[in-house]
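Beneath this line is the structure, given in structure tokens, with notes to follow.
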Amino acid sequence: MKKHLIIVLLIAFASITYAQTQPTAASANYRNIFKVSAAMFTRNTFQMGFEHFYSPTGSFMISAGMNYRDTDYEQMWGYGGEAQLKFHVYTQILPKKSHRLYFAPYLLSQYQEVDRNDSYSSVQNDKYSAVGAGVIFGWSFSFANKINLDIYTGGGIRKAFNVNSNTYSDVWDYSYSGISPRLGVDVGFWF
């Protein structure tokens, strides 16, 4: 019985010691962040991302998402992907939080299908794809040892292919070609 009590006490002591030395999100033990883009919900898009730190000042992020909207006059769906190479130019690491400022060149690709009902009860179907490249600048804030908030802005150029010439596209539409701004907020979890 005494032997079992000593083993239990050693295990409890080891777990308490581990809990007190749990790394912050900035330590080498956490090198990955799983992200969900809160800003893309405003565009009827669910987008998830994975960021991997290959060094203390550099990370690589890939993200993929799908959008869907169904109204009385229009149904649209599509998917897309993006890759970013992040360069962290300023890093401040504190015991329970960290701040990082970064810039990141990106490449993106998207596919979109839109079915519209016109005034003559016929359906117009558009299928197009787009590619783009640019640079974003952001602030990444980690707190509570596991949670990450990433706020960014920037822009780039995009080209949409096979877009119907009668389709009006503003700067936020998926069918837009030209210089496009980027604004976003991602929420993530370190692991």
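The value of relative contact order for segment 129-174, using C-alpha pairs under 8 Å at least six residues apart, is 43 percent. Each Cα pair under 8 Å and six or more residues apart adds its separation to the average, and for segment 40-96 the resulting relative contact order is 30 percent. The alpha carbon centroids of segment 73-128 and segment 142-175 are separated by 5 Å.
Residues W172, W139 ordered from highest to lowest accessible area at a 1.4 Å probe: W172, W139.
The trypsin sites (Lys or Arg not before Pro) of segment 107-146 that meet both conditions, a loop assignment by DSSP and at most 16 other Cβ atoms within 10 Å of the site Cβ, are K146. Potential lengthening of the chain between H99 and F60 amounts to 12.3 nm, from the contour at 0.36 nm per residue minus the alpha-carbon distance. Remark: segment 132-175 is approximated by an ellipsoid whose semi-axes, taken from the C-alpha gyration tensor as √(5λ), come to 34, 11, 8 Å, largest first.
The modelled label-to-label distance between T71 and K159, using points 7 Å beyond Cα along the C-beta direction, is 3.1 nm. Note on segment 104-153: Cα Rg divided by 2.2 N^0.38 Å, N the number of residues, gives 1.97.
The values are calculated or read from the model by the stated rules, or taken from the named source; none is laboratory data. Fair warning: this is a prediction, and the values are worked out from it, not measured in the lab. No Cβ is skipped: glycine too gets one built from the backbone with ideal geometry, and neighbour counts run over all protein chains shown. Please note that ligands, DNA and RNA were not included when accessible areas were found on the heavy atoms of the full protein model with its side chains. Shrake-Rupley method; radii C 1.70, N 1.55, O 1.52, S 1.80 Å.
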